[in-house]
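Engineer: I am attaching a structure below and will ask some questions about it afterwards.
The values are calculated or read from the model by the stated rules, or taken from the named source; none is laboratory data. A quick note: this is a predicted structure, and the numbers were derived from the prediction, not measured. Here Cβ is always computed from backbone atoms with ideal geometry, including for glycine, and neighbour counts include all displayed protein chains.
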């Protein structure tokens, strides 16, 4: 089948990305597509009942199992992620008579044999002959994107060095970030030498954002107020150091793809899977725990999206 598929693809393959529309999972798929040099068609789906409640275990998917419906012509390559996308992967593989090469990003928690390729981070348990194990999550960070972001957000160049990007998440099922944690962080940040470039998320909460603004408004530091273009890639591009709260696996993975020293801001709580991710990142040399001090070091940047893309090229003979 792989030989037959490779003969039919004389140009770049037609690629779909299928997710349920969650930004984090979609960005993982986009990172792989971009590493392949492919511009994909992104499809965001919902499942109809009973698949909505019973996926991925029900099976027997039909085109009307999805909203919007998935119809031919089928792509050469499907990159999918998220629980709801599993049903779509199985359906497209069957409907295309196996001609679509299906790649499932993140642990599907079912047999990987139902897909052509599965990519999971090392902290997830699924293994198999067609399973690619990465250090963390694939993402869209690349040297080219960082260089473009440097130009787009060139105003950050005026900030005195060292520039310290501070990426703040917030409360989640596994972690708690209350006002006490924010105030402790603010005190630590205030004692650092250099320029702070701070971005908070919706999960930081109104009280947390208020504390940040009370402390850093009307200072020479940068605090994004959610107005205008999102400077996230600009922060990564211009930072000399990157600080990330422990709750965000995606931001930690992205930061560790830059090759810059990354510090994890500890939070109350935890989860075995996320704890294992943190330990893997520490062992890879790209992550250290933040205790109020910064020092420089170097490591081999993560490049998980490129690793997955390389395996896709190998399997599809691209």
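Engineer: Among the residues of segment 213-228, is there at least one that is within 24 Å of residue 278 (Cα to Cα), surrounded by 15 or more Cβ atoms within 10 Å (Cβ to Cβ), out of contact with any helix residue (DSSP H, G or I) (no Cβ under 7 Å at 6 or more places or on another chain) and modelled with pLDDT of 95 or more?
Structural biologist: Within segment 213-228, none of the residues are within 24 Å of residue 278 (Cα to Cα), surrounded by 15 or more Cβ atoms within 10 Å (Cβ to Cβ), out of contact with any helix residue (DSSP H, G or I) (no Cβ under 7 Å at 6 or more places or on another chain) and modelled with pLDDT of 95 or more.
Engineer: Among (1) assigned to a loop (DSSP other than H, G, I, E, B); (2) out of contact with any strand residue (DSSP E or B) (no Cβ under 9 Å at 6 or more places or on another chain), which single condition is residue 74 missing?
Structural biologist: Every condition holds for residue 74 apart from (2).
Engineer: Could you please give the count of residues in segment 158-193 that are assigned to a helix (DSSP H, G or I) and within 18 Å of residue 219 (Cβ to Cβ)?
Structural biologist: 9
Engineer: Return a yes/no flag: does segment 199-208 have any residue that is closer than 30 Å to residue 38 by Cβ and either surrounded by 14 or more Cβ atoms within 10 Å (Cβ to Cβ) or outside the structural domain of residue 77 (by TED's automatic domain parsing) (or both).
Structural biologist: Scanning segment 199-208, I find at least one residue that is closer than 30 Å to residue 38 by Cβ and either surrounded by 14 or more Cβ atoms within 10 Å (Cβ to Cβ) or outside the structural domain of residue 77 (by TED's automatic domain parsing) (or both), so the answer is yes.
Engineer: Considering segment 92-147 alone, what residues qualify as being in a strand (DSSP E or B), free of Cβ contacts under 8 Å to residues at least 24 places away in the same chain and buried (at least 17 other Cβ atoms within 10 Å of the Cβ)?
Structural biologist: 118, 120, 131 - these are the residues of segment 92-147 that are in a strand (DSSP E or B), free of Cβ contacts under 8 Å to residues at least 24 places away in the same chain and buried (at least 17 other Cβ atoms within 10 Å of the Cβ).
Engineer: From (1) within 25 Å of residue 124 (Cα to Cα); (2) within 22 Å of the chain's Cα centre (by Cα), pick out the condition that doesn't hold for residue 268.
Structural biologist: Unmet for residue 268, out of (1) within 25 Å of residue 124 (Cα to Cα); (2) within 22 Å of the chain's Cα centre (by Cα): (2).
Engineer: If you take the residues in segment 162-178 that are modelled with pLDDT under 95 and either out of contact with any helix residue (DSSP H, G or I) (no Cβ under 9 Å at 6 or more places or on another chain) or surrounded by fewer than 14 Cβ atoms within 10 Å (Cβ to Cβ) (or both), which one is farthest from residue 199 (Cα to Cα)?
Structural biologist: In this case the residue turns out to be 173.
Engineer: Another one. Can you name the number of the only condition in (1) over 18 Å from the mean Cα position of the chain (by Cα); (2) modelled with pLDDT under 90 that residue 91 fails?
Structural biologist: (2)
Engineer: Please go through segment 149-159 and give me each residue that is over 21 Å from residue 24 (Cβ atoms) and touching a residue at least 24 places away in the same chain (Cβ under 8 Å), ordered by number.
Structural biologist: 150, 152, 153, 156, 157, 159
Engineer: Among what's in segment 194-212 and is touching a strand residue (DSSP E or B) at 6+ places or on another chain (Cβ under 7 Å), at pLDDT 95 or above and not in a strand (DSSP E or B), pick the residue that is nearest to residue 292 (Cα to Cα).
Structural biologist: Residue satisfying both the conditions and the ranking: 194.
Engineer: Let me ask something else. Answer yes if at least one residue in segment 195-202 is within 24 Å of residue 234 (Cβ to Cβ) and in contact (Cβ under 8 Å) with a residue 60 or more places away in the chain, and no otherwise.
Structural biologist: No, segment 195-202 has no match at all.
Residues are listed down the side, and each one gets a yes or a no for (1) at positive phi; (2) at pLDDT 95 or above; (3) exposed (fewer than 15 other Cβ atoms within 10 Å of the Cβ):
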site: 35; (1), (2), (3): no, yes, no
site: 40; (1), (2), (3): no, yes, no
site: 43; (1), (2), (3): no, yes, no
site: 50; (1), (2), (3): no, no, yes
site: 55; (1), (2), (3): no, no, no
site: 68; (1), (2), (3): no, no, yes
site: 81; (1), (2), (3): no, yes, no
site: 84; (1), (2), (3): no, no, no
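Engineer: Can you find a residue in segment 55-72 that is free of Cβ contacts under 8 Å to residues at least 12 places away in the same chain and either within 23 Å of residue 315 (Cβ to Cβ) or out of contact with any helix residue (DSSP H, G or I) (no Cβ under 7 Å at 6 or more places or on another chain) (or both)?
Structural biologist: Within segment 55-72, one or more residues are free of Cβ contacts under 8 Å to residues at least 12 places away in the same chain and either within 23 Å of residue 315 (Cβ to Cβ) or out of contact with any helix residue (DSSP H, G or I) (no Cβ under 7 Å at 6 or more places or on another chain) (or both).
Engineer: Right, here's the next one. Show me the helices (runs of 4 or more DSSP H) found entirely inside segment 221-318 where at least 1 residues are touching a residue at least 60 places away in the same chain (Cβ under 8 Å) and farther than 19 Å from residue 24 by Cβ.
Structural biologist: Here the list reads 232-238, 272-284, 304-316.
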